[in-house]
Structure formats: structure tokens, C-alpha cells
1. So I have (1) 17.0; (2) 23.4; (3) 16.0, and one of them is mean projected area of the Cα convex hull in nm² calculated from this model. Which one is it?
2. What full-extension length gain, to one decimal in nm, is calculated for I78 and S34 as 0.36 nm per residue of separation minus the Cα-Cα distance?
3. State the extension gain, in nm to one decimal, for the chain segment bounded by L86 and K180, taking 0.36 nm per residue of separation less the distance between their alpha-carbons.
4. How big is the stretch 199-270 by the Kirkwood estimate over distinct Cα pairs, in Å?
5. Filter the chain for me: DSSP H helices, axial length by Cα at least 15 angstrom, mean Kyte-Doolittle hydropathy not below 0.0. List them by residue number.
6. At 222 nm, what helix-only mean residue ellipticity would the chain give, in deg cm²/dmol to the nearest 500, using -39500 (n - 2.57) for each DSSP H run of four or more?
7. Treat the count of other C-beta atoms within 10 Å as a stand-in for reagent exposure and order L103, L232, L137 from fewest to most.
8. Going by how many other beta carbons lie within 10 Å of each one, how would you line up D69, D199, fewest first?
Amino acid sequence: MLTEKVLITVKTYPVLSETYDELVCTAGLREDGSWIRLYPIQFRQIEDYEKKYKKWEWIEIEVEKNKSDHRVESFRPIKQDSIKVLKRIGTEQGWYERKKLILENSTIYRDLSELIQKNKEGLLSLATFSPVKILDLVVEEIEREWDKSKIELLKAKLLQGDLFNKEKKPFKIVDKLPYKFSYKIEDVNGKESKMMIEDWELGALYWKSYNKYKDEQIAIEKVKEKYLTNFLAKNDIYLFLGTTKLWDKRAPNPFVIIGVFYPPKEYQKSLF
């Protein structure tokens, strides 16, 4: 058993799991800049508010190597109630402290082929990537409902749980995103790639916009406005990449975007 201190930089949009109900992929950096994946975590079922960590918070958590997950950075939380939230890293001074932790204390990749090769060799499945260009934000409609078999299994498990724990609060399954959002990017060698964005922030923005305007196209435009127009004009973009367990070391490009780091651009002050 290990006690790890982790700066949470990644929380993906929740997915349904036949084994663990609903899961959020959580990852972050240790103090030495190395990556760690915390999996599985049933984040929305953590009832103690003080243990519901946010992105950019340091936490302490008891973990062990996840033997069912071959990815080198994957560790299993021994108990979700072992989480201790320590300190939040804010955005003061143009994100100074966040940029120092990410850009100076960890490795930044610019060559996607290098990353893919390192993954095939089993050396990494998490990384920070700096694209030379972001060419587009691609939006594709997908299945609007969760897999029915997973829903029925989850309902049965929740019902069984209620029989033994009358005080447990009812759990509402998260709404499935009806669209897939992907960045089309170019790396330092001019290689173009399209990678899906699984960041929880993007999903939350879509649903916040949809609930406000009751219009899917407006919600899509609000996502594009932030992740494409505003980011390209005002922010430097770094992508937190991770592989899925299924396609790790197997797919031609096993990486998806599990988080976006977008510190404000530094503009040189005029001398005149």
C-alpha cells in the first residue's frame, strides 16, 4: 500500500461500467512531475463533500498497483474514503503556479509518433502534448442513450444496494453526451490527427448551454466558441493525453484527449 500525493489535472466525463457502475477517469501529477492514473473511482458516488476533489487540487490517497490494468501509470485506490484534499492551485499571476508545475516540472511532447512509439514499448500511457496547430473542432452525432444492458445491470445493482442500505441516497445516472467532440491537430512534423476530447469540462459546458437555451446547435456553438475561437485567440493550448485500456499499445493512435490545459497567452508589453 502506498500513500500518493497527486495534483489532479484530469477528470473525464463519466462512463458506465458493468463492473463499477459509473466511472470517472482521474489522473494527475506527482510532485516529481510523473503521471499517475487513479482507477477505478466512482466519483459521483462519493458522499463526503470534503473528499470530492476538484481539478487542480492536491490530494493524498492510499493506492496499490492496479493488477488488472497493464498500463504503467495505473493505480487502484484502496478506499475512496482515504482521499484527503490538501490545497488548490489557483490561476493567480497568469496561471504562474500551474504553468510551473506543468511546463517546468514534467515532460512536454510535440512529436505524436514519438508518443505512440513509447506507448507501444509500454513506457507510458499518459502525457502532456503541445500541438503546433489546432486545425478544427470536429463534432459528430453519436448514440444518444447508454447501452441498455449496462443500464439494466446498473439498476439491478442499485436496487440490491437499496435493500441493504436504506439510508443511501438515490443515484441518478449521468446524461450521455449525444455528440462526440474531437480536436483536429498538427504536430511538430506536420502530422495531422483527430483525437476525441473526453474532458469533463467540455461535457459540463455542453449541458449547461443546452439547459439554458434548450437548443443543441446553440450548445454546440458554445463549445466551439470556447474550445476553438476563444482558446486560439487568448490561450496557449496543451493537451493531456491518455490511452484507453482496450486500445493501449494496439491502436495506430491509442491516445484520446482527457484534459485541456489552457493558460492565458503572455503578451509582450510595448516599450513605447
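1. Here the calculated entry is (1).
2. 13.8 nm
3. Difference between extended and current length: 30.4 nm.
4. 14.2 Å
5. Once both thresholds are applied, what remains is 148-164.
6. -6500 deg cm²/dmol
7. Least crowded to most crowded, the residues run L232, L103, L137.
8. Ascending Cβ contact count within 10 Å gives the list D69, D199.
Here, each number is a calculation from the coordinates, and none is a lab measurement. A quick note: this is a predicted structure, and the numbers were derived from the prediction, not measured. Cβ coordinates were reconstructed from backbone atoms using ideal geometry, including for glycine residues, and neighbour counts include every protein chain displayed.
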